[in-house]
Structures are given as C-alpha cells and as structure tokens.
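Novice: My questions will all concern the structure given below.
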Amino acid sequence: MEKYFNPAREEWESLLARPTQTVDDIENTVRSIFSAVKERGDAAVNEFTVNYDGVSLESSSVTPQELQSAAESLEEPLKKAIQRAYTNIWKFHEAQKTSVLKVETS
C-alpha cells in the first residue's frame with residue numbers, strides 16, 4: 001500500500017482514479033479462473049485465495065455443524081444486516097451484467 005501525505009493538487013485526479021478494465025479483460029480473467037478450478041479443483045481455489053485475498057487456508061471446507069453453530073451465535077440485528085447486504089450486493093451485480101448481442105447475417 002502506498003501512502004500519500006499532502007499530495008500536490010495536480011496529483012489528486014490520478015491518485016483518486018479507479019483502475020479501469022474492459023469487459024473483455026474481466027471476462028478473460030474469470031474464464032481463466034473457472035478453467036483452473038475445473039482442471040485443478042481445490043488446489044486452484046487455494047491459489048486464488050492466496051493471490052486475491054492474501055490468505056492461506058488449511059481447509060476451505062466448513063461442516064454443516066460449523067455453519068449451524070455460527071448461525072446460532074449471531075444476534076438477530078446482525079443476521080438482518082447480513083441479509084440486507086446480501087440482497088443489495090446481489091442487485092448491484094445483477095445490474096452490472098452485460099448482455100451479449102449476437103447478430104448473424106448472410
């Protein structure tokens with residue numbers, strides 16, 4: 001992480017700019033991830049977890065009992081907040097989907 005302290009005003013725009021990717025770039029990345037997971041399974045998932053999340057897990061499996069125990073330990077307001085966040089994230093990403101238009105001509 002780079003830290004900036006009192007950058008010059010001329011630098012603000014470039015410092016605040018979000019990285020951009022084309023839809024093709026994103027689709028190619030996602031395809032390669034799906035392909036790697038299809039071919040190498042959990043080993044690929046573990047690699048991507050390290051690369052993208054910076055976490056190395058001993059196991060990526062969670063037992064039904066662990067899920068149940070975790071769910072029971074949450075207070076109701078937190079459960080509702082998680083459900084609301086899930087719904088909002090789902091809607092946001094549904095709106096981001098692009099439709100592929102294919103036109104065949106003769």
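The values are calculated or read from the model by the stated rules, or taken from the named source; none is laboratory data. These numbers were taken from a predicted model, which means no experiment stands behind them. No Cβ is skipped: glycine too gets one built from the backbone with ideal geometry, and neighbour counts run over all protein chains shown.
Novice: Could you check the stretch 33-44 and list, in sequence order, the residues that are under 16 Å from residue 61 (Cβ atoms) and surrounded by 15 or more Cβ atoms within 10 Å (Cβ to Cβ)? Walk me through it before giving the result.
Specialist: First pass over the stretch 33-44, keeping only residues under 16 Å from residue 61 (Cβ atoms): 37, 41-44.
Of everything in the stretch 33-44, those that are under 16 Å from residue 61 (Cβ atoms) and surrounded by 15 or more Cβ atoms within 10 Å (Cβ to Cβ) turn out to be 37, 44.
Novice: Still on this structure, please answer the following. Scan (1) at pLDDT below 90; (2) over 21 Å from residue 30 (Cβ atoms) for the single condition residue 101 breaks and write down its number.
Specialist: Exception for residue 101: condition (2).
Novice: So which of 73, 59 is at pLDDT below 95, surrounded by fewer than 10 Cβ atoms within 10 Å (Cβ to Cβ) and small (Gly, Ala, Ser)? Don't jump to the end; show me each part of the working.
Specialist: Numbers: 73 fails: at pLDDT below 95.
Of 73, 59, the one residue that is at pLDDT below 95, surrounded by fewer than 10 Cβ atoms within 10 Å (Cβ to Cβ) and small (Gly, Ala, Ser) is 59.
Novice: Restricting to the stretch 45-77, name every residue that is among the hydrophobic types (A, V, I, L, M, F, W, C) and within 27 Å of residue 1 (Cβ to Cβ).
Specialist: If we filter the stretch 45-77 for residues that are among the hydrophobic types (A, V, I, L, M, F, W, C), which is where we start, we get 45, 48, 50, 55, 57, 62, 67, 70-71, 74.
45, 48, 50, 55, 57 - these are the residues of the stretch 45-77 that are among the hydrophobic types (A, V, I, L, M, F, W, C) and within 27 Å of residue 1 (Cβ to Cβ).
Novice: Would you please list the contacts, defined by Cβ atoms under 6 Å and residues six or more apart or on different chains, that run from a residue in the stretch 1-30 that is at positive phi to a residue that is in a helix (DSSP H, G or I) and surrounded by 10 or more Cβ atoms within 10 Å (Cβ to Cβ)?
Specialist: none
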